[in-house]
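There's a structure below that I have some questions on.
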Amino acid sequence: MSQSYTLDEVGKNKSGKAIWIVVDKKVYDVSSYLKEHPGGPAILKNVGGTDATRQFYEAHEPTKSNVKKVLKKLHIGVIVEKKKEKEADKPSAKKGAKKKQAPVGTTADELARKAAEELQRKDQENAQRKIQEELDQKQQDEDAQKKLQDELAQKLAEDEALRLEVVAKKQADDDVAWYYEASAKAKEAEKLQQEKHKEELEALEEQ
Ligand code: HEM
């Protein structure tokens, strides 16, 4: 069963042999993990004894299996607002008749623990939802960008088709002009030929 700690208690374990940190209301003893930490020992020492939830989420993908595995290994307890058990235990220890209240104390502790767990679960859900939202947003952005690219490509293709059409039309116009010019020249040549022929005939007749 998880131990309950207050933030003050965690704060006492910030250097030396014991370095604890809090992430999502859970307490982790990272002392044995400093050297292995891929982000380096210093970064963990710097946040020793504090709630490093924000820094943790900034640096990790919490759903990644290697991260989850280490978290599970280093988990030593949960954060509670105040420790009721100690005050509750003392009077009950003095008064023999109130010994029966021990389970009540346990229940209060249990409730506090459950509340803390619930809080931590919600925090985790929120963090995961945030990550999911960010992923969704990224996907949407990518989709929008792809759509734009597609539209641009389509537009370019249309422009190219139009350009080719204009070129083809101009070519056709040029061909027609060339044809008219050529046939006019041919007619001219034929006419000259006929005139020449006629002159020759007339010359022959005169002889
Ligand atoms: C119990 C707490 C922590 C555990 C179990 C843990 C574990 C890990 C693991 C497994 C990785 C490798 C991640 C990967 O493969 O993508 C990592 C990377 C990293 N961690 Fe932590 N970490 C903890 C706390 C922190 C805190 C509080 C910080 C910052 C203040 C931090 C900063 C980093 C950084 C910057 C990296 C990236 C290193 C790199 O990619 O070169 N970590 N951590």
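Only the coordinates and a few stated rules stand behind these numbers; no lab work does. All of these numbers come straight from a predicted model, not from anything done at the bench. Methodologically, a virtual Cβ is constructed for each residue, glycine included, from the backbone with ideal geometry; neighbour enumeration extends over all protein chains shown.
First select every other residue whose beta carbon is under 14 angstrom from the beta carbon of residue 155; then total the charges, Lys and Arg +1, Asp and Glu -1. The partial results should precede the final answer.
Working: positive: 147, 163; negative: 150, 151, 158, 159, 160.
Around residue 155, the charge tally is -3.
Something else now. For segment 10-23, take each phi angle, set θ = phi - 60°, evaluate the Karplus expression 6.51 cos²θ - 1.76 cosθ + 1.60, and give the result in whole Hz per residue in order, putting x for glycine and proline.
Karplus-based 3J(HN,Hα) across segment 10-23 equals 4, x, 6, 10, 10, 7, x, 6, 10, 10, 10, 9, 10, 9 Hz.
Using the Cβ atoms and a cut-off under 14 Å, what net charge is assigned to the surroundings of residue 190, where Lys and Arg are +1 and Asp and Glu are -1? All intermediate terms of the calculation are to be shown ahead of the outcome.
On the way: positive: 185, 187, 191, 196, 198; negative: 188, 195.
Counting the neighbours of residue 190, the net charge comes to +3.
Taking the Cα-to-Cβ direction at residue 50 and at residue 111 and moving 7 Å from each Cα, how far apart do the two end points lie in nm?
3.4
Right, something else. Which of 35/72; 26/130; 26/122; 17/82; 14/35 have a Cα-Cα distance over 21 Å?
From the list (35/72; 26/130; 26/122; 17/82; 14/35), the Cα-Cα distance tops 21 Å for 17/82.
List the residues whose amide H sits under 5 Å from the amide H of residue 24, counting only those 5 or more places along or on another chain, with H placed 1.01 Å from N in the peptide plane.
So residue 24 has HN proximity to 53.
Another question, then. Quick check on the chain: of the DSSP beta bridges with both residues there, what percent are antiparallel, nearest 5%?
Rounded to the nearest five, the antiparallel share is 70 percent.
Moving on. How far, in nm, would the chain grow between residue 199 and residue 125 when pulled straight, counting 0.36 nm per residue and subtracting the alpha carbon separation?
Numbers: separation 74, 0.36 × 74 = 26.64 nm, distance 10.98 nm.
Length gained between residue 199 and residue 125: 15.7 nm.
Order these peptides, 139-150, 41-52, by their mean beta-carbon neighbour count within 10 angstrom, highest first.
Per-residue mean Cβ counts within 10 Å order the peptides as 41-52, 139-150.
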